[in-house]
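To start, the structure under review is shown below, and the notes come after it.
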Amino acid sequence: MYAIVKNVTTPPRTSRATVDPRSEILKNPSSIWSPNDVSERDSAPHPPPLPHRLADPVPVVLGGTALWFLGFLVVLVVDRSNSTLLWTTLSGGLLGIIGYGVFYWQRRAARRGSRGAQQGLDEA
């Protein structure tokens, strides 16, 4: 059966070579482009920085964690028999605490000047 199919179908023949990968295309820029030209990306205005109260993730993380624990308490009081919902809300609260711990750890390392810390964290 394979021999019949192999004889019937042949791969397509093209006169063009395969498409060059992006890295090869960028190595040979067009002759119209010159390094002195200013691209549209460079001239676009940059957005202003967010205010500190909107850029600070601590209230969001703590608020979300508190909501997960509130949901856990509601499920515990209202429907204790639904173990899936009970464990889901408890896991959400515990993961929120772990996530805040990682965030606090990275921020403390950035304040300390550790080389492995994230860059751009505020001192607040």
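Couple of notes before you dig in:
- Note on surface exposure: TRP68, TRP87 rank TRP87, TRP68 by accessible area, highest first, 1.4 Å probe.
- For the range 52-69, the Karplus equation 6.51 cos²θ - 1.76 cosθ + 1.60, evaluated at θ = phi - 60°, returns couplings of 4, 5, 8, 8, 7, x, 4, x, 5, 5, 5, x, x, 5, 4, 5, 5, 5 Hz by residue, with Gly and Pro reported as x.
The values are calculated or read from the model by the stated rules, or taken from the named source; none is laboratory data. Quick caveat, the model's predicted, so the values are computed rather than measured. Heads up: the accessible areas ignore ligands, DNA and RNA and are worked out on the full protein's heavy atoms, side chains in. Shrake-Rupley method; radii C 1.70, N 1.55, O 1.52, S 1.80 Å.
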